[in-house]
Amino acid sequence: MLAEDVVVVGDSRSYVWGTRTAWEWSGSGVAMTDGATDPAQRALSKIDTTAPQSARIWNYWLGGKDNYEVDRAAGDAFKELFPGIEEEARASRYFLVRAVRFLAGERGIRQFLDVGTGLPTVDNTHEVAQRVAPDARVVYVDNDPLVLAHAQALLTSTTPEGSTRYIDADLREPERILEAARESLDFTRPVALMLMGILGLVEGHDEACSIVRRLMAELPSGSYLVHYDGGNTNEVYNEATRRYNEISGAPYILRSPEQIARYYDGLELVEPGVVSCSRWRPDIVDGGGAGGLPPAVNEYGGVARKP
């Protein structure tokens, strides 16, 4: 039985293959409709293992296996300066779980567009959504070759009623993302746009705000924005990030909570608003934190509805 098909978007300058092409995954193999070679192998040939990469470092901090020595070394160096980074990575993942569960459950959302999904790990968006709503449809977007190489893991819907797709595209190309996503999602029905830890890779804050506006503009009323990014409120965390940026090919920009809140302009924030993501509707209250809340982390975000 064939799994769901995946839409791959690319151009001749990248590791993908000209025009949009449909792929069908069957078992452990990949069959391309026009007879070209395995896309996963072509993607793997483009992976740069000479410099650390944020998705692979994040995967390492979350206990994943999809990383290289250069990523582990950078991750360990960051951890020496900021020992709590693994807890922060887990807190951001738990925020994703709570937000998706909330939207699929309490708000009845059945479509998710996850841009900058990163490497597969535990509790991916489609797994969480389809546990709550078996008919949930999820489209993942990323342009990292290692993510593409592991796309088969993302493309396995956990229920026969649901579907999962992958689009190879860059965050900075919102029109391209939307065009491809329309092939899998119904834009007359609400969609949850998920931008998890990705806008920090956009150097200009105005550009990042513009990307959010352009993506949300095409989604109907009743859609949601789910987002978090690194905040600049902790000097030790700031210094660790600064040193990481010195060796990274893709620097990560920390922003103030006020700057992060601007991404939600024109939207209706769900309580408790834009907060440290560990404190967004926590499942278990840790009495050791301020006001009975879990300890704050340096990632800030929230959930907001398009009126």
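Scanning the stretch 224-243 for residues that are over 22 Å from the mean Cα position of the chain (by Cα) and either surrounded by 24 or more Cβ atoms within 10 Å (Cβ to Cβ) or assigned to a loop (DSSP other than H, G, I, E, B) (or both) turns up Thr233, Asn234.
Being in contact (Cβ under 8 Å) with a residue 24 or more places away in the chain, on the phi < 0 side of the Ramachandran plot, surrounded by fewer than 21 Cβ atoms within 10 Å (Cβ to Cβ) and not in a loop (DSSP other than H, G, I, E, B) is a property that Arg189 lacks. Can you find, within the stretch 80-109, the residue that is nearest to Glu239 (Cα to Cα) among those that are free of Cβ contacts under 8 Å to residues at least 40 places away in the same chain and crowded, with 17+ Cβ neighbours inside 10 Å? Applying the filter and picking the extreme gives Ala89.
As a summary of the residue check, Leu148 satisfies the conditions (1) out of contact with any Leu (no Cβ under 8 Å at 6 or more places or on another chain); (2) at pLDDT 95 or above; (3) buried (at least 23 other Cβ atoms within 10 Å of the Cβ) except for the one numbered (2). Summed over the stretch 169-195, the residues that are touching a helix residue (DSSP H, G or I) at 6+ places or on another chain (Cβ under 6 Å) and either at pLDDT below 95 or within 19 Å of His150 (Cβ to Cβ) (or both) give a count of 1.
The values are calculated or read from the model by the stated rules, or taken from the named source; none is laboratory data. The structure presented is a predicted model; accordingly, all values stated were derived computationally and were not measured. Note that we place each Cβ from the backbone using ideal geometry, even for glycine, and neighbour counts take in every protein chain shown.
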